[in-house]
Amino acid sequence: MVAMLKGPIKLICSGCGKEQDYDRDIDDDIPNCVKTIVSQCPECNGGDFGSEIWLDVVGREIDWETGKPFQT
Ligand SMILES: [Zn+2]
């Protein structure tokens, strides 16, 4: 059984550590298992697109292709 997460995704900036909530309903491409996205805020990335790291509720990195944790 896959736990269906409710509530917003937490966005964390890898540069300054600033956190904000992100409404998961905005983006259907993000798998439901994703709880946290580590990226960079506009102040830290200088306007370039920052790479995102998707993490699930226990901190495993989620593969963008499969929507499942990477096998380690
Ligand atoms: Zn930042």
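The table below lists the values:
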{"quantity": "Neighbour net charge for ARG60 - beta-carbon separation under 13 angstrom, K R +1, D E -1", "calculated": "-1"}
{"quantity": "Karplus-derived HN-Hα couplings along the stretch 59-69 (A = 6.51, B = -1.76, C = 1.60, θ = phi - 60°), whole Hz, x at Gly and Pro", "calculated": "x, 7, 6, 9, 6, 4, 6, 9, x, 10, x"}
{"quantity": "Net charge contributed by nearby residues that have their C-beta within less than 9 Å of ILE9 (K/R +1, D/E -1)", "calculated": "0"}
{"quantity": "Shape of the chain, Cα gyration tensor, a/c cut at 1.5", "calculated": "prolate"}
{"quantity": "Environment charge at ASP27 (Cβ cut-off 15 Å; Lys +1, Arg +1, Asp -1, Glu -1)", "calculated": "-3"}
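Every number in this text was worked out from the coordinates using simple rules, so none of it is lab data. Since the model is a prediction, treat every value here as computed from it, not as a measurement. Glycine gets a Cβ as well: all are built from the backbone with ideal geometry, and neighbour counts include every protein chain shown.
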